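Values in this text are rule-based calculations from the coordinates and carry no lab data. Being a predicted model, the structure only gives us computed values, none of them experimental. A quick note on method: Cβ atoms are made from the backbone with ideal geometry, for glycine too, and the neighbour counts reach across all protein chains shown.
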Amino acid sequence: MLLAPMARPAALLALALLAFPAHAQYRLDHWTADNGLPQNSVREILQTRDGYLWITTFDGLVRFDGVRFTVFNRGNSPELPSSRFVSLFEDGDGGLWAALETGEVGLRQRGRFTVYRPPQGRINPFLFDDGHSRPAVHYWRAPASVPGLVARSSLEAYRLLDGRFRRDPDLDVTIPALALPFDSSPDIQHGSKVIDGEQWTVFASRVERRSRKGAIRVYSKDTGLPGDRPTLVCGKGGPVQLTSVDAAGRLWLTELATMKSELLSRQPPDGMLAVGSLVDGEGNIWVNTVGDGLYRARRNAVAAFGRATGLPFGEMYTVLERKDGSLWIGTSGNGLYRMKDGVFTLQAGAGDEAFVVAGGRANNLHEDRAGDLWVNGYWRVSDGRLVRDPATVGYHPGGGFAMAEDGAGARFTGTADGVLRTQDGVTTHLTTRDGLAANETKVIIEDGRGGLWIGATGGITHYREGRLTAWTVKDGVPGDTVRALHLDGDGALWIGTYDSGLGRFKDGRFTRYTTHDGLFDNGVFQILDDGLGWFWMSCNRGIHRVRKKELDDFAAGRIRSVTSYAYNKSDGMPSAECNGGRWPAGVKTRDGKLWFPTMGGLAMVDPRTVRTNREPPPVVIEAMRVDRQSVDAEAWENAVHGGSGAAPIRVDPGQDNLEIEYTALSFINSENQRFRYKLEGADRDWVDAGTRRTAYYSRVPPGSYRFRVIAANADGVWNSTGASLPITVIPHFTRTWWFQALAVLSFAGVIAGAWAYRVSQLRRVQAAQQEFARELIRSQEHERKRIAAELHDSLGQNLLIVKNRAQIGQIAVQDDPALVEQFQSIASSVADSLDEVRNISQNLRPYHLDRLGLTKALEVMIENVAKTTSTRLRAELVPLDDLFSKEDAITLYRVVQEGLNNVVKHSGASEAVVSVERATDSVTVTIRDDGRGLPPDAASRHHGFGLAGMAERARMLGAVLSVDSAEGRGTRVAVRIRLPIARQESA
Amino acid sequence: MTDIRILIADDHPIFRHGLRQIIERAPQLVVVDEAEDGETAWQKLRKSDADIALLDVELPGKDGFELAGAIREQRLKMAVIFLTMHKDEHFLNRALDLDVKGYVVKDSALVEIVQCIRAVAAGQEYVSPQLTGFLLNRSRRATQLAAAKPQVAALTDVERRVLKLVAEYKSSKEIAAELCLSVRTIEHHRARIGQRLELEGHHAVLKFALEHRSEL
């Protein structure tokens, strides 16, 4: 029976309580160190006018194109004093300014930084606009004395004038209540920025905005913010929104202009939110955090109803809008509901006979011309009850899947066994015997002229005034599994199938569209025309739309493929899996919204708010490598920024492999941007690169070329101007006239010359390989050292501060044993982490080497290895300090380390001796053991046992590795290093 | 009582500021200057009248060891306190060899530092409690050495200083320069040390000095 609204108040109440809590209609993408971000703490973020996003981290200044992060730090820009960037500014000429934690300000120009030193003792800079689109900088000025935990403090201003940062007290600002680094206060001040003359100060629970004239406006919970921990979201002209986190931990976005708030995310980022976030030129909101990476929030195209709004189930099968505007939803196993404003109200339980016969499912909803609602074909809603129409008794017991009325007012019910035609209480049963294409009926629609179209598993049938005409796959129906029919305004019939694509039937001709033709999926469970020129279809992978004009053009042969846009869970769908084969499998309501039933609830699209991104994306050529070497910076700048008269990149003879990296700067589904490129002068046509962002060419013949690349944003809008780069390939000398003349004159000479050339080339190749191996070792050491230093300087120091704070806290709360214990446990876990950091950085870079010298470092290493092995280790070392450069010292250290490793791991020796001997002109390092010795070929070929690495390192020292071993008689590995004359011992 | 004047050298700004605040909250402790790298620290120390130099061992440029060595060599009057991230026995020993008076691990620097400064200013020595195990090792080895080579006690002061400098890998020439003696005298002392300690062989004195560097 149907439930009258008052009959089951308990159920109603429960559902009402669950209904429609604020749910986020935003999609969040997250970048951390695990997926490409160089560091999880992002201090500031800025979009420059060329379209790139720039972020500051303690590991460098980072450029982001939506897919790739490019880092600029001391590793590749040695002119920088450190890599710890904090603040950013773009000046009126497009110059990018970035400030370091230690106060220096760098201008990035033509790939390099010009560094301005800070005034004595000034740190923690904030960059801002001095009012003339030139950079100015505020330095945090510590109070000279400490009257209490909280003090007023000031930001001291400097502005760039005549190439120097000069003091300008007019731009100073005062910050109230500045907390000290090691104290905490409930009102801790998170930062202050001056934007367009206004000072924005962010506190733990409010934002103060001070105008030029000194008027103060406060944004807080009292004035309409939904939560605490506010951050500014800045657009091009300053803050436009605020984020905040409410008591339930949800992240909100509030428009400054209207103070309207909406939920950004149910879960806030893990880390501290930075003071300022960004809304980019395309409306994406970028939330940068200290510790939890970078987030991008974008409003979802699709809204979800069902589980997302608190319903305990999600499987929905059919959806119908009635003439009174109410929305009715048939579920699987949960009965029939009405929905209004996201609130679902149960109308009939799954226990009703109407559902029981269909296995609990609502397979069909239909409202007839009289305004009566029909459920599963045989049941009519009457006075709040589901009443079986007696005229259906005796037919297929599973109920109906589809229903429609013809011009004569007869009701047609599609069942698994043919169609029932009922008029004036009399039912006629139509089957394939009467001319139906198939019996298993899935959909029936009106043809607009008093007739009907009937879709079934096996084909389609047209019915009019008792006449049946059928078409099957043989006639051109796209597939047997017909699921949906749609009649457009031009009289074309559209046929959706479960797995065979979309069909169009007009003027007796079928057209079929599949994934080969650009359709997103071959499943088409429902076809809705949004009235704005698009067909929206559902399938097991989401919903997809195609421009109707493209479908018509394809049918007319004017185009060869169509473009689909697809939406799935990441766009907000409750589940990507849509349901079909029941009718209606989706509906366009009179307010223009489209509703699709899915396995997770209802998916709703408002096609008027779904925007195609019409902005062609800026295209940039980022880098070029010739035979894996980056093009010289000077030449690169001249080629890229030289305009039409740009000097081409020169490729010398013998340089075979060209790699060119390019990108496009749209941040909406950046990874779906597409590229085409061509080397004008070599390629005839554009090369379709898909989403690939590198072009490869090899063995380009001599000549002048122009590399061009164009890109389309994720919605397929092309920037067909793109970017270009001139390239000249210099002819090889064998191609010049004089060489050929020479060849004619002296054939034999050429043979000899070629032979000599070949030999020298082979030598060069060999030398290059060795140089490469050495370079690899060097850069590995350099990298290890850098990581060790970073660990020590950034993570280590932060942990130290935490530990110290915990200890201070412990003292401060000594009267409260529970708190003391808390602090103690924090201190001790931090101590463990610190030990780990120390261990890792020691393994990466033995700090003894840098502090105590090579001899001591070797001693410590041998001592430490001795602790882990049963082999007795002895060291006979003479002083070595100051004999070697730092680089050589670490190389020698690694030789000994690898040698000892071999002994411990492979030799099985009972004793080993490391000795360092010094002669006047050389130093010899020997590692000998009494173990089982090396197999004969290992010693000669230096293969395995780490010998190759040792040999390469020895070569880096200008030394030779000698290995002396016999099976069963131990091994002796020696490295004799000749000293430069200057370092040879005076007698 | 007069103020205790302190110079802080640490390259990490936040840590340095924290340290400064803690110190300045204590009565009679005054931070007179700061430096964030070894070179700057050295320029300031040379001209400074600070009583105490608080040095991070891992300073960029000149590190703490170099600075402490330079302070000793130039006979500057300030006492040196080391701050370090490393709980390392070898570091501690080298520091004590360089006449460093206070040795504080950064783990608990803010809690210990005031106590350490007061102790050092009062002429005492201070080592973070976490590291006292290493101190025990050091004195244990000294005792063992005294037992194994009782002759060490018989060395003259000059011989002992020579031996210490040998342990720092200094050549006879360098030792001579440092002690304002002739090379020949130093060679003579080295030979005498060998005899007294009954050491034989070319590098025997050096080896002995190295092995017992921390106990001499």
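Below, the figures for the structure above:
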quantity: Between region A:80-117 and region A:780-827, the alpha-carbon center distance in angstrom; calculated: 30 Å
quantity: Folded to 0 to 90 degrees: helix A:9-18 orientation relative to chain A principal axis, Cα; calculated: 30 degrees
quantity: P(r) histogram, all alpha-carbon pairs of region B:72-198 included - 5 Å bins from 0, percent; calculated: 2, 9, 16, 16, 16, 15, 13, 8, 3, 1, 0
quantity: J(HN,Hα) series, region A:433-445, from Karplus relation 6.51 cos²θ - 1.76 cosθ + 1.60, nearest Hz, glycine and proline x; calculated: 5, 8, x, 5, 5, 7, 8, 6, 7, 10, 7, 9, 10
quantity: Cleavage-rule hits, trypsin sites (Lys or Arg not before Pro), region B:1-104, DSSP coil, Cβ neighbours within 10 Å at most 15; calculated: B:Arg75, B:Lys77
quantity: Theoretical FRET efficiency, 1/(1+(r/R0)^6), r = Cβ-Cβ of A:His30 and A:Asp228, R0 22 Å, to 0.05; calculated: 0.50
quantity: For chain B, the Rg and Dmax computed from alpha carbons only, in angstrom; calculated: 19.0, 58
quantity: Within region B:142-215: Cβ-based charge dipole about Cα centre, in debye rounded to nearest 20 (Lys, Arg +1; Asp, Glu -1); calculated: 80 debye
quantity: Rounded to 10°, Cα long-axis angle of helix A:886-902 versus longest principal axis of chain A; calculated: 80 degrees
quantity: Other-chain or far-sequence residues with amide H under 5 Å of A:Ser87's (modelled H); calculated: A:Ala99
quantity: Region A:97-126: trypsin sites (Lys or Arg not before Pro) falling in loop per DSSP and having at most 16 other Cβ within 10 Å; calculated: A:Arg110
quantity: Alpha-carbon Debye profile of region B:4-132, log10 I(q)/I(0) at 0.17 Å⁻¹; calculated: -0.77
quantity: Amide hydrogen neighbours beyond the local backbone of B:Lys62, cut-off 5 Å, H modeled; calculated: B:Gly38, B:Glu39
quantity: Rg over Rh, two decimals, the protein assembly as shown (C-alpha only, Kirkwood Rh); calculated: 1.08
quantity: Nonlocal amide H pairs with A:Val477, under 5 Å, H built at 1.01 Å; calculated: A:Thr472
quantity: Size of charge dipole - region B:4-132 - debye, nearest 20, with Cβ of Lys, Arg +1 and Asp, Glu -1, no other charges; calculated: 480 debye
quantity: Extension gain from A:Arg369 to A:Asp591, taking 0.36 nm per residue of separation minus the Cα-Cα distance; calculated: 77.8 nm
quantity: ³J(HN,Hα) computed for each position of region A:571-581 - Karplus, 6.51 cos²θ - 1.76 cosθ + 1.60, integer Hz, glycine/proline x; calculated: 9, x, 5, x, 7, 6, 7, 7, 9, x, x
quantity: Rounded to whole Hz, the Karplus (6.51, -1.76, 1.60) HN-Hα couplings of region B:9-21, x for glycine and proline; calculated: 10, 8, 8, 9, x, 5, 4, 4, 5, x, 4, 4, 5
quantity: Whole-Å semi-axes of region B:142-215's equivalent ellipsoid (Cα gyration tensor); calculated: 20, 12, 12
quantity: Among A:Gly214, A:Ala136, B:Phe15 the positive-end extreme of the charge dipole of the protein assembly as shown (Cβ point charges); calculated: A:Ala136
quantity: Check: chain A dipole with +1 on Lys, Arg Cβ and -1 on Asp, Glu Cβ, in debye; calculated: 1120 debye
quantity: Selected from B:Ala121, B:Ile175, B:Leu29, residue furthest toward positive end of dipole (chain B; charges at beta carbon); calculated: B:Ile175
quantity: Helix-only CD estimate at 222 nm, as mean residue ellipticity for chain A, using -39500 (n - 2.57) per DSSP H run (n ≥ 4); calculated: -6000 deg cm²/dmol
quantity: Environment charge of B:Ile193, counting only residues whose C-beta is closer than 13 Å and scoring Lys/Arg +1, Asp/Glu -1; calculated: +3
quantity: Gap separating the Cα centres of region A:955-972 and region B:70-90, nearest whole Å; calculated: 41 Å
quantity: Cβ-based charge dipole, the protein assembly as shown, positive-most Cα from A:Ala408, A:Val279, A:Ala354; calculated: A:Val279
quantity: Efficiency of FRET between A:Ala215 and A:Asp656 - r from beta-carbon atoms, R0 45 angstrom, step 0.05; calculated: 0.10
quantity: Low-density loop positions, trypsin sites (Lys or Arg not before Pro), region A:200-252 - DSSP coil, at most 16 other Cβ in 10 Å; calculated: A:Arg212, A:Lys213, A:Lys236
quantity: Virtual spin-label span in nm between A:Thr609 and B:Asp3, 7 Å along Cα→Cβ; calculated: 6.4 nm
quantity: Anisotropy class of region A:314-398 from Cα gyration tensor, a/c 1.5 cut; calculated: oblate
quantity: Separation of the A:Thr728 and A:Ala204 label points, Cα + 7 Å toward Cβ, nm; calculated: 6.6 nm
quantity: Restraint check, A:Lys785/B:Lys106; A:Lys803/B:Lys170; A:Lys785/B:Lys173; A:Lys193/A:Lys221; A:Lys193/A:Lys569, Cα-Cα greater than 30 Å; calculated: A:Lys803/B:Lys170; A:Lys785/B:Lys173; A:Lys193/A:Lys569
quantity: B:Asn137 versus A:Arg628: modelled label distance in nm, points set 7 Å from Cα along the beta carbon direction; calculated: 4.4 nm
quantity: Crossing angle, helix A:817-844 versus chain A [Cα axis fit, 0-90 degrees, rounded to tens]; calculated: 60 degrees
quantity: Euclidean distance between Cα centres, region B:34-56 to region A:285-345, Å; calculated: 66 Å
